[in-house]
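**Q** The following block contains the structure, expressed as structure tokens.
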There are 2 protein chains.
Amino acid sequence: MIKIEIANALMQTLPVSKATALQVVDLLTDRMKKALLDGERIEIRGFGVFEPRPRKRGLGRNIKTGQSVEIPKGKSIRFKAGKDLRDIEVK
Amino acid sequence: MIKIEIANALMQTLPVSKATALQVVDLLTDRMKKALLDGERIEIRGFGVFEPRPRKRGLGRNIKTGQSVEIPKGKSIRFKAGKDLRDIEVK
DNA sequence: GCTTCCATGATCAAAATCGAAATCGCCAAT
DNA sequence: ATTGGCGATTTCGATTTTGATCATGGAAGC
């Protein structure tokens, strides 16, 4: 599923143009990105939680040289699936 | 950031009622949930990728008894942050 | 705005994943 | 059709993940 498909889903339910639907998707992802970059946590019950968290590991590896590489301090975004997405049965 | 705040962001940019804005958010999360539950991968460039993946581990723990608990086979949803969200500087 | 309801956080241990690097093919987005 | 983001690849060890249970605070309704 890609952006256009999400926009299509929106069009099928609400009376909006494709252009508007795409604007909506872009707007929401943009706002969420900004919030996460700002260190804010995003919680949408039933869907999941996005959470910026400090990166604790500090060692990586250079695939070419095989050398250990220092992983600079930073943060990573973690997504925790909500209840509805957690218990997925194997088909 | 919670659902209402996302809806507000939508209202601030597009001429929609709060009710409609909330509908939009619910609709999108619902569609995305369905896609993921259906085993579909969701890729939004610049934001991130949601991917259902088989759960490989089969052991959990009962917090009360401390006993190991068999975890039935299943899937879990993994979110991989896109480029814009990946390298977050430490403030 | 306030209240109710229910999803989420914490906890345990151990196995699995992540993280970085550089590069190319593939595909999402425009 | 063009652009450039994303997956995969390798290695190794520290971090994370994973479910059950209860209390709590966030989400939703009035």
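Since every read-out is calculated from the coordinates, none of them should be taken as a lab result. Because the structure is predicted, anything quoted here is derived from the model rather than measured. Glycine also receives a Cβ, built like all others from the backbone with ideal geometry; neighbour counts cover every protein chain displayed.
**Q** Distances in nm, one decimal, shortest first, from B:S17 to the same residue in every other copy, taking the label point 7 angstrom along Cα→Cβ.
**A** 2.3
**Q** Once the label point is set 7 Å along the Cα-to-beta-carbon vector, what list of distances in nm do you get between A:R41 and its counterparts in the other copies?
**A** Between copies, matching label points for A:R41 lie 3.0 nm apart.
**Q** For the range B:1-41, rounded, prolate or oblate, judged on the Cα gyration tensor with a ≥ b ≥ c (square roots of eigenvalues), a/c < 1.5 rounded, else prolate if a/b > b/c?
**A** Prolate is the answer for the range B:1-41, as a/c is 1.5 or above and a/b outweighs b/c.
**Q** Defining the label point at 7 Å along Cα→Cβ, can you sort the distances from B:P54 to the same site in each other copy, shortest first, in nm?
**A** List, nearest first: 3.7 nm.
**Q** Here's a follow-up. Find out how many positive minus negative residues lie around B:T29, taking Lys and Arg as positive, Asp and Glu as negative, among other residues whose Cβ is under 11 Å from that of B:T29.
**A** +2
**Q** Still on this structure, I have one more. List, in the order given, every pair from A:K18/A:K75; A:K18/B:K18; B:K18/B:K75; B:K18/B:K83 whose Cα-Cα distance in the structure shown is over 28 Å.
**A** Those over the limit are A:K18/A:K75; B:K18/B:K75; B:K18/B:K83.
**Q** Further question on the same structure: Check the axis relating chain A to chain B and name the residue of A whose C-beta is nearest, distance in whole Å.
**A** That would be A:F79, 1, residue then distance in Å.
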